[in-house]
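The values are calculated or read from the model by the stated rules, or taken from the named source; none is laboratory data. From a predicted model like this one, the values you see are computed outputs, not experimental measurements. Here the Cβ positions follow ideal geometry from the backbone for every residue, glycine too, while neighbour counts run over all protein chains shown. We work out accessible area using only protein heavy atoms, side chains counted, and drop any ligands, DNA or RNA first. Shrake-Rupley method; radii C 1.70, N 1.55, O 1.52, S 1.80 Å.
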Amino acid sequence: MTTQTIPTVTLNNETTIPQLGFGTLNVPPGREPTPENTAKTAEIVGLALELGFRHIDTAQMYGNERGVGEAIAASGIPREELWVTSKLGNGNHRPDDVPRSFDETLEKLQLDYLDLFLIHWPVPTLYDGDYVSTWKAMAELVDDGRLRSAGVSNFHPDHLERIITETGVVPVVNQIEAHPYFGNAAVIEATRSHGIAVQAWSPLGQGSILEEPAISEIAATKGRTVAQVILRWHIQHEHIVFPKSMHRERIQENLAIFDFELTSAEITAIDAIDKGESGRVGPNPDTFAWIPSTETPHPA
Ligand code: NAD
């Protein structure tokens, strides 16, 4: 498996992102940026790069940007061959904190530019509900030249509508929870209606879908693993995905999904296991307001 076989998606600003990347939530198992955890992150992300991943998804709130940076530096891979995404922490939404924390992100990642920076959560119950000023500050980072693309994550249709109407700046992606147990169709439709690409987080439902009989059956017919069939379903739905694993065999397996296809009947069968709201594995963006202890909580 070479990186050439991973397809790219062209975003609305004409940049091209590898459709498959490597997720780093809980790499290492926890969010504490201790030296031990940083070394573990560097080892795992280094393995993902060695095996062929060229797109890494991290976040300020994961506490692992230093480890990701160490892995990138040690890999020797030319910078232009990599796509690196990070996300603004929930404690950093004030317009002044956006460029300040972005600088910290670049420093931790040992990079002089970032490919994609997202507002991680809208946190509409904090900051007097003002995620529009935050979005303006994100757009200024692109104008500044050290950020190629700005996007959002966990934005519901009304959140998208509001930032676009009030700023005229359209995000390149909306990174949202989506997988066979939580199809999230209305948010995907609204996202695409603005020309925004969909990134599906927790593509394997954090492992919760791996025992699903409807998918095991398809996997058995195809001679593939359940994880591969789920990832293939995402690829054929044109989602950008970045599964997370800390094991060599699984990381390799997650890369090997471009030499088979699901039929439309198989796709429809997987579409049918959508559990709606009860299929969510993560928080609801309308109410999520967690701020990690490493970031300064805003009083509002
Ligand atoms: P995931 O759906 O990628 O599932 C990860 C789990 O699936 C692993 O812990 C592992 O146990 C299992 N797994 C992975 N590959 C496997 C394989 N081949 N065989 C068997 N089991 C396998 O969950 P995730 O880590 O929550 O999501 C992926 C990435 O999405 C994250 O790492 C992160 O980068 C991003 N994310 C973003 C947000 C957001 O709010 N923007 C939220 C959650 C996750």
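Name the residue that is nearest to the ligand (Cβ to nearest atom), counting only residues in region 166-201 that are of a type in the set (S, T, Y) and open to solvent by 20 Å² or more (accessible area, probe 1.4 Å). Even if it seems obvious, please write down each step before you answer.
If we filter region 166-201 for residues that are of a type in the set (S, T, Y), which is where we start, we get 167, 181, 191, 193.
From what is left, the residues that are open to solvent by 20 Å² or more (accessible area, probe 1.4 Å) are 167, 181, 193.
Numbers: T167: 21, Y181: 10, S193: 21 Å.
Applying the filter and picking the extreme gives Y181.
For region 253-260, does any single residue satisfy the condition of being more than 11 Å from the ligand (Cβ to nearest atom), touching a residue at least 60 places away in the same chain (Cβ under 8 Å) and open to solvent by less than 10 Å² (accessible area, probe 1.4 Å)?
No: region 253-260 contains no residue that is more than 11 Å from the ligand (Cβ to nearest atom), touching a residue at least 60 places away in the same chain (Cβ under 8 Å) and open to solvent by less than 10 Å² (accessible area, probe 1.4 Å).
Would region 2-15 turn up any residue that is crowded, with 24+ Cβ neighbours inside 10 Å and either within 15 Å of the ligand (Cβ to nearest atom) or at pLDDT below 95 (or both)? Steps first, answer last, please.
Step one: list which residues in region 2-15 are crowded, with 24+ Cβ neighbours inside 10 Å, which gives none.
Within region 2-15, not a single residue is crowded, with 24+ Cβ neighbours inside 10 Å and either within 15 Å of the ligand (Cβ to nearest atom) or at pLDDT below 95 (or both).
Would you check which residues across region 165-189 are within 18 Å of the chain's Cα centre (by Cα) and of a type in the set (G, A, S) and list them?
Result: A178, G183, A185.
Among the residues that make up region 52-69, is at least one of them hydrophobic (A, V, I, L, M, F, W, C), within 11 Å of the ligand (Cβ to nearest atom), assigned to a loop (DSSP other than H, G, I, E, B) and touching a strand residue (DSSP E or B) at 6+ places or on another chain (Cβ under 7 Å)? Break it down stepwise before answering.
Going through region 52-69, the residues hydrophobic (A, V, I, L, M, F, W, C) turn out to be 53, 56, 59, 61, 68.
Adding the requirement that they be within 11 Å of the ligand (Cβ to nearest atom) leaves 56, 59, 61, 68.
Filter once more, so that each one left must be assigned to a loop (DSSP other than H, G, I, E, B): 59.
With the extra rule that they be touching a strand residue (DSSP E or B) at 6+ places or on another chain (Cβ under 7 Å), the set shrinks to 59.
The answer is yes; a qualifying residue exists.
Counting just the residues of region 202-226 that are among the hydrophobic types (A, V, I, L, M, F, W, C) and out of contact with any Asp or Glu (no Cβ under 9 Å at 6 or more places or on another chain), which one comes out nearest to the ligand (Cβ to nearest atom)? Spell out how you get there, then give the answer.
As a first pass, look at region 202-226 and keep what is among the hydrophobic types (A, V, I, L, M, F, W, C): 204, 209-210, 214-215, 218-220, 226.
From the residues that got through so far, the ones that are out of contact with any Asp or Glu (no Cβ under 9 Å at 6 or more places or on another chain) too are 204, 209-210, 214-215, 219-220.
Numbers: L204: 3, I209: 8, L210: 6, A214: 17, I215: 12, A219: 11, A220: 15 Å.
Filtering first and then ranking leaves L204.
Just a yes or no: is a residue in region 37-48 within 17 Å of the chain's Cα centre (by Cα) and surrounded by fewer than 18 Cβ atoms within 10 Å (Cβ to Cβ)?
Within region 37-48, not a single residue is within 17 Å of the chain's Cα centre (by Cα) and surrounded by fewer than 18 Cβ atoms within 10 Å (Cβ to Cβ).
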